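The values are calculated or read from the model by the stated rules, or taken from the named source; none is laboratory data. Keep in mind that what you see is a predicted model, and the values were worked out from it rather than measured. For neighbour counting, all protein chains shown are included, and Cβ atoms are generated from backbone atoms with ideal geometry for every residue, glycine included. The protein model used for the area step is the full one, side chains on, heavy atoms only, and it has no ligands, DNA or RNA in it. Shrake-Rupley method; radii C 1.70, N 1.55, O 1.52, S 1.80 Å.
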Amino acid sequence: LLTDDHYIDTEGAAAGADCGQPFNGALTTTPESRVRSVPDFAVTTTVSKVFHKFTESSLRPSSGFPRLLIIDDEYANRFLLSVFAEKLGISYDCARDGVEALKMVNKRHHTQEATLDTNADRHHYELYIVDYQMPEMGGVETCKKLRQFFDENDVPSSPLVGHTGYSSSGEIEQFYQSGISEILPKPATFEKFEALMKKFKLVV
C-alpha cells in the first residue's frame, strides 16, 4: 500500500495513446521540497517528471463519449492532463501527435455519417489541447489541419488550446495564427486547467 508520502514516478513509463492506462513507473518517496503542490497532485518543475499522489480514484477512466482530445507526444504530459480531466469528470481521448489526432477526428466524423446519428456531441470533440513540439506533425500544423478539417466537413469548430513551455513571442504568435484560442502553459496546474474547462464550458 502507498502512504501519503509516496508518489508514482511516471518517468520512463511506456508511452501509449491511452493516457489513462496503468503504467509501470517506479514507486518513489519524494521530499516535499522537490515538488510544487497543487490540489491532490505534486508536480516537479521539470516537464519530464510527473508525480501523481495515489488516491482511490487514480486512473479510473471517465465514462461517456470523449469530449476532450489531448494531443501530446510526452507520456507525462498526457498522463497529467488526463488525471486533471478525470478529477473534473471530463471524458477524454489522447493522441501522441497530429497525425494520430487527425485519424481519430476523421474516424469519429465518419462514424457519425455511417450511423446517420444527428447528435454531433457524440462524434466530435468539444475541446482540443495541442502540444507545440511533436514528431510527425507539430502543434502549429496540427491546428491548421484541424481547422481545415472543420471547414471542409461542416464539423463544429471546437476551440483549440495550445500547450507549450515556450515563451518566445514569435513562437506564441505562430501558435495563435494557426487557430488556437488560448495557451495552457507548461507545466500545467490543476487551477489553470480547471479555469480553461470552465471558460470553454466543459464544466460549470
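Annotation note: Cβ proximity below 7 Å between a residue of segment 136-147 that is free of Cβ contacts under 8 Å to residues at least 60 places away in the same chain and outside any helix (DSSP H, G or I) and a residue that is of a type in the set (Val, Ile, Thr) and open to solvent by 20 Å² or more (accessible area, probe 1.4 Å) (sequence gap 6+ or interchain) occurs for Glu136/Val99; Met137/Val99.
Going by the structure shown, is Leu202 touching a residue at least 60 places away in the same chain (Cβ under 8 Å), in contact with a strand residue (DSSP E or B) (Cβ under 9 Å, 6 or more places away or on another chain) and either surrounded by fewer than 16 Cβ atoms within 10 Å (Cβ to Cβ) or not in a strand (DSSP E or B) (or both)? Yes, satisfied.
For segment 106-131, taking the residues that are modelled with pLDDT under 95 and among the hydroxyl-bearing types (Ser, Thr, Tyr), the one that is least open to solvent (accessible area, probe 1.4 Å) is identified as Tyr125.
Name the single residue that is modelled with the lowest pLDDT among those in segment 154-167 being in a loop (DSSP other than H, G, I, E, B) and open to solvent by less than 50 Å² (accessible area, probe 1.4 Å). Walk me through it before giving the result.
Here is the first cut: in segment 154-167, the residues in a loop (DSSP other than H, G, I, E, B) are 154-159, 165-167.
Adding the requirement that they be open to solvent by less than 50 Å² (accessible area, probe 1.4 Å) leaves 155, 158-159.
Numbers: Val155: 83, Ser158: 94, Pro159: 96.
My answer is Val155.
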